[in-house]
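Single-structure report; data block below.
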Amino acid sequence: MKNITYRQVNDYMIPNLTLPPEEANITLGKWGMLHKDYLLKHKKILFTTLLTQGKLYQHCAEVENQARDMFDTLVNQMKEAEGVTEKLQEENQMAWVAQMNNIRSRATEIVNHEIIYS
């Protein structure tokens, strides 16, 4: 068991509590930040548990990697299935942009539903 130290504030003894150190070199991207925000707003107990154990950013970084991999895979699969190629980009750039925006939007929805907000 850990020895807890206290400090006196007026008539009260307040414990000197500190959080365990987080990984200092973890930087979250779009998906990790979205998941962290979701945990904060909708899964407060899990958020607090991960935070107090010093594992919040590590968890969000793992979710970030899973989401990025899934997004890239989905985009590539959808491009192939719908025939969105470099040739289309050269011949009709506006159609290519429209189709790619549609594909990215659908892939984002799937990733959000399957990984970020679950």
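Points worth noting:
- Vicinal HN-Hα couplings computed from phi for segment 26-32 (Karplus, 6.51 cos²θ - 1.76 cosθ + 1.60; Hz; Gly/Pro x): 8, 10, 8, x, 4, 5, x
- Reduced Cα scattering model of segment 23-116, Debye log10 I(q)/I(0), q = 0.12, 0.22 Å⁻¹: -0.49, -1.01
- For Lys43, residues with placed amide H under 5 Å, excluding near neighbours: none
- Rounded to the nearest 20 debye, dipole of the chain from Cβ charges on Lys, Arg, Asp, Glu: 660
- Selected from Ala95, Phe47, Val75, residue furthest toward positive end of dipole (the chain; charges at beta carbon): Phe47
- Dividing the summed -39500 (n - 2.57) terms of all DSSP H runs of n ≥ 4 by the residue count of the chain sets its mean residue ellipticity at 222 nm at -21000 deg cm²/dmol.
- Cα point-scatterer Debye curve for segment 71-118, base-10 log of I(q)/I(0) at q = 0.21 Å⁻¹: -0.68
- Put simply, when 93-103, 50-60 are sorted by average Cβ atoms within 10 angstrom per residue, most first, you get 50-60, 93-103.
- FRET efficiency for the pair Asp72 and Ile14, taken as 1/(1 + (r/R0)^6) with r the Cβ-Cβ distance and R0 = 41 Å, rounds to 0.25.
- Set of segment 86-118 residues, backbone N closer than 16 Å to the point 7 Å along the Cα-Cβ line of Glu80: 86
Where a number appears in this text, it was derived from the coordinates with a stated rule and is not lab data. Small disclaimer: the values here were computed from a predicted structure and weren't measured. Heads up, the Cβs are rebuilt from the backbone with ideal geometry, glycines too, and the neighbour counts pull from every protein chain shown.
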